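Structure, as structure tokens:
Quick note: the coordinates plus some simple rules give every number you see, no bench work behind them. Since this is a predicted model, take the numbers as computed values, not measurements. Cβ sites come from the backbone with ideal geometry, for glycine too, and all protein chains shown count toward neighbours.
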Amino acid sequence: MKKMNPRHGDIASALPADLDALPRLHGFRLRGIEMTRLETFIDAAFAFAISMLVIAAQQIPDNIQTLLAAFKNVPTFVCSIAVLGIFWRGHWLWSRRYGLEDSASILISWAMIVTVLILIYPLKAIFGAMWYLISSGHVGQRFSLHTTESQARTIFAIYALGVAISAEILLLNLRAWQLRDPLRLNARERLVTRGELTGWSVPVGVGIVALIFALTLPTDQIQWSGWVYFSMIILVPLHDFFHERRLKAVQDGSQDGGPGQRE
């Protein structure tokens, strides 16, 4: 029998003896059903980030012209919220599945908070410029006419560094994988965890490509540093499709009397 690292004893001892009695989400036993102080702080950070994205951040519109101008920012607001929601759900799902609050997980989560708050304005600027281009100026906001080449590259590069948030969620799931023995993950839960690792590797990879484009493409083609993110519309569902097939194979093997659900 494999000897457990003494440093992981606290993690193992915090789990109930009968893990099968825990609530489940899509078959995954939820070791972190109760909110931790770490998760509460993460939620507060995301709420603060959202408050900086409101469509009329400077003041409440006091006339129809100001109100209509504020509504030009609605598509930017919605897209930015959608991106933040993806990251928030990634951390929420990790928290529910594993319930980890060790020093490494806390450090990675704090790094995630810092990255989110740094990224929020570049996120808004990029989506504003995208909608301005798509709508021929009817919605969104364009970059200043006085933006230099180096400044344009910098804003796209900063946005590409949003890959750091995906990398941080990837690291959190990697931490859970490292602790798979003290967490007593069964075969299906291990496969789900590996799926999270490969799944979050997709935006990490796309972000790295976007960063390379931001630093190397000619000025008249630098917008491809933003458009490359739309490749995830194909890559993410493709990854999920193959991952679901692997999960189904494990489930079918378990029903046939195989070791699929054994801890």
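Per-structure values
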quantity: Mean Cα-pair separation over length for the stretch 160-205, i.e. relative contact order, pairs under 8 Å, 6 or more apart, %; calculated: 59 percent
quantity: Cα-projected label distance for Q221 with S103, points at 7 Å along beta-carbon direction, nm; calculated: 4.8 nm
quantity: Nearest-0.05 FRET efficiency for L238 and D181, computed from C-beta distance (R0 25 Å); calculated: 0.20
quantity: Neighbour-count ranking [beta-carbon atoms within 10 angstrom, fewest first] of L53, L185; calculated: L53, L185
quantity: Theoretical gain in end-to-end length, S231 to R245 [0.36 nm per residue, Cα-Cα removed]; calculated: 2.9 nm
quantity: Nearest-0.05 FRET efficiency for S136 and A14, computed from C-beta distance (R0 51 Å); calculated: 0.35
quantity: The stretch 103-184, relative contact order in percent, only Cα pairs under 8 angstrom and at least six apart counted; calculated: 39 percent
quantity: Average Cα contact separation per residue, the stretch 145-255, under 8 Å, 6 or more apart, as relative contact order %; calculated: 33 percent
quantity: Inter-probe distance in nm under a simple model that places probes 7 Å from Cα toward Cβ, at M52 and T198; calculated: 3.6 nm
